[in-house]
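Asks: Got a structure for you, questions after.
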């Protein structure tokens, strides 16, 4: 059996994170998979649909050395909502996004004349990580392992990028922490472009218990504590109220600046794009999209909706405007389909956002900074 994946990833850990590790070690011992078991269990999680009609592949199996078993970009589902603080249901996001995506017409965009599905990259859908639905620490440990297994293989087109990159379908926002750990293993510290109505850098000292410290509002604070982030990250679309004045200081200490939802009224879509590009510069970037960055009129199906958000058109335009950034990973999270309207407005938006994120990944191949360890 493998030891916990946290022991496999070199992190700069403070006392607080060591306590988190000890907690995981004491609670997750009942369900630890080796690599082969992950591959076998994943077969039982195969859904009938894949995202955008992509070919399915069991990416958790060992590399056979054949190019047929390799890929450049992988779609991974993270069916998890045990870390939410308000409404659950995001565990059904990956399955529903995939299902709805198969009813959308794909092809070359009328806005940038690109189709990421028919470009240089071999893109596959790896299905869902086999995450526990009863213990969040076990679930997130499994997701850590899934990211490692998917990203450790050689890419299909190594002349473009030597290791695959992942576009994740959540799941609540705590799942992004696993992605950031995986990204750090291959590329080092990363700037996060965080589309969200909330800051998600809440100090874990306010948690009601050790188990509760990791949730969908603290994962960026933990990522900072673990040394995964640069000091050039940015929130975009922020509008939710802070609990304490100190939250702003904590957020800045985590390396974030902010474009609020209302800033778009002052600077326009291009102004938001310019602010993001200026903030992250030429460094490597992880793009994470919480669907609640959209106004509830456009995305009602989420756990913590906040009035006064952006429209779907505005967000898609901003994402398209980031083309050329060195994006090493991306996700769309917090889609809880049970709260959607009859037209599935939220899931339709999530599907288009997913395509936009794939476009960013394909537009700019990125070389890894660290050697892959097998």
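Asks: Name the single residue that is nearest to residue 367 (Cα to Cα) among those in the stretch 147-176 being more than 13 Å from the chain's Cα centre (by Cα) and not in a loop (DSSP other than H, G, I, E, B). Give the steps one after another, and end with the answer.
Replies: If we filter the stretch 147-176 for residues that are more than 13 Å from the chain's Cα centre (by Cα), which is where we start, we get 148-164.
Filter once more, so that each one left must be not in a loop (DSSP other than H, G, I, E, B): 148-151.
Details: 148: 17, 149: 18, 150: 16, 151: 13 Å.
Checked the stretch 147-176; the qualifying residue nearest to residue 367 (Cα to Cα) is 151.
Asks: Here is a follow-up. Would you mind telling me which numbered condition in (1) over 18 Å from residue 356 (Cβ atoms); (2) in a helix (DSSP H, G or I); (3) more than 17 Å from the chain's Cα centre (by Cα) residue 117 fails?
Replies: For residue 117, the failing item is (1).
Asks: May I ask you to list the residues in the stretch 120-146 that are in a helix (DSSP H, G or I) and either closer than 30 Å to residue 313 by Cβ or in contact with a strand residue (DSSP E or B) (Cβ under 8 Å, 6 or more places away or on another chain) (or both)?
Replies: So the first thing to find is which residues in the stretch 120-146 are in a helix (DSSP H, G or I), and the list is 136-146.
Scanning the stretch 120-146 gives 143, 146.
Asks: Just checking, which of 289, 338 is under 24 Å from residue 87 (Cβ atoms) and not in a helix (DSSP H, G or I)?
Replies: One residue alone meets the criteria, 289.
Asks: If we keep just the residues of the stretch 260-287 that are without any contact (Cβ under 8 Å) to a residue 60 or more places away in the chain and touching a strand residue (DSSP E or B) at 6+ places or on another chain (Cβ under 6 Å), which is surrounded by the most Cβ atoms within 10 Å (Cβ to Cβ)?
Replies: Selected residue: 272.
Asks: Conditions: (1) out of contact with any helix residue (DSSP H, G or I) (no Cβ under 9 Å at 6 or more places or on another chain); (2) under 28 Å from residue 181 (Cβ atoms); (3) surrounded by 14 or more Cβ atoms within 10 Å (Cβ to Cβ). Residue 290 meets all but one. Number of the miss?
Replies: So the condition that residue 290 fails would be (1).
Asks: Just for the stretch 304-317: of the residues that are out of contact with any strand residue (DSSP E or B) (no Cβ under 7 Å at 6 or more places or on another chain) and over 21 Å from residue 101 (Cα atoms), which one is surrounded by the most Cβ atoms within 10 Å (Cβ to Cβ)?
Replies: Once the filter is applied, the top-ranked residue is 305.
Asks: Tell me which of these residue 365 doesn't satisfy, since it passes every other one: (1) modelled with pLDDT of 95 or more; (2) outside any helix (DSSP H, G or I); (3) within 26 Å of residue 147 (Cβ to Cβ).
Replies: (1)
Asks: Separate question: Counting just the residues of the stretch 38-68 that are modelled with pLDDT of 65 or more and in a helix (DSSP H, G or I), which one comes out surrounded by the fewest Cβ atoms within 10 Å (Cβ to Cβ)? Reasoning before the result, please.
Replies: Here is the first cut: in the stretch 38-68, the ones modelled with pLDDT of 65 or more are 38, 49-68.
After this cut, where a residue has to be in a helix (DSSP H, G or I) as well, the list is 38, 51-53, 67-68.
Working: 38: 20, 51: 26, 52: 20, 53: 13, 67: 13, 68: 10.
Among those residues, the one meeting the criterion is 68.
Asks: With 71, 92 as the choices, which residue is within 20 Å of residue 354 (Cβ to Cβ), assigned to a helix (DSSP H, G or I) and modelled with pLDDT of 95 or more? Give the steps one after another, and end with the answer.
Replies: Values: 71 fails: assigned to a helix (DSSP H, G or I).
Answer to the check: 92.
Asks: Can you find, within the stretch 187-210, the residue that is modelled with the highest pLDDT among those that are surrounded by fewer than 24 Cβ atoms within 10 Å (Cβ to Cβ) and not in a loop (DSSP other than H, G, I, E, B)?
Replies: It comes out as 187.
Asks: Taking the stretch 341-350 as the search range and keeping residues that are in contact (Cβ under 8 Å) with a residue 60 or more places away in the chain and out of contact with any strand residue (DSSP E or B) (no Cβ under 9 Å at 6 or more places or on another chain), which one is farthest from residue 175 (Cα to Cα)?
Replies: Restricting to residues being in contact (Cβ under 8 Å) with a residue 60 or more places away in the chain and out of contact with any strand residue (DSSP E or B) (no Cβ under 9 Å at 6 or more places or on another chain), the top hit is 344.
Asks: From (1) surrounded by 15 or more Cβ atoms within 10 Å (Cβ to Cβ); (2) modelled with pLDDT of 90 or more; (3) outside any strand (DSSP E or B), pick out the condition that doesn't hold for residue 252.
Replies: For residue 252, the failing item is (1).
Asks: Which of (1) in contact with a helix residue (DSSP H, G or I) (Cβ under 8 Å, 6 or more places away or on another chain); (2) crowded, with 22+ Cβ neighbours inside 10 Å; (3) farther than 21 Å from residue 319 by Cβ does residue 184 not meet, given it meets every other one?
Replies: (1)
The values are calculated or read from the model by the stated rules, or taken from the named source; none is laboratory data. Keep in mind that what you see is a predicted model, and the values were worked out from it rather than measured. So basically every Cβ, Gly included, is an ideal-geometry build from the backbone, and we count neighbours across all protein chains shown.
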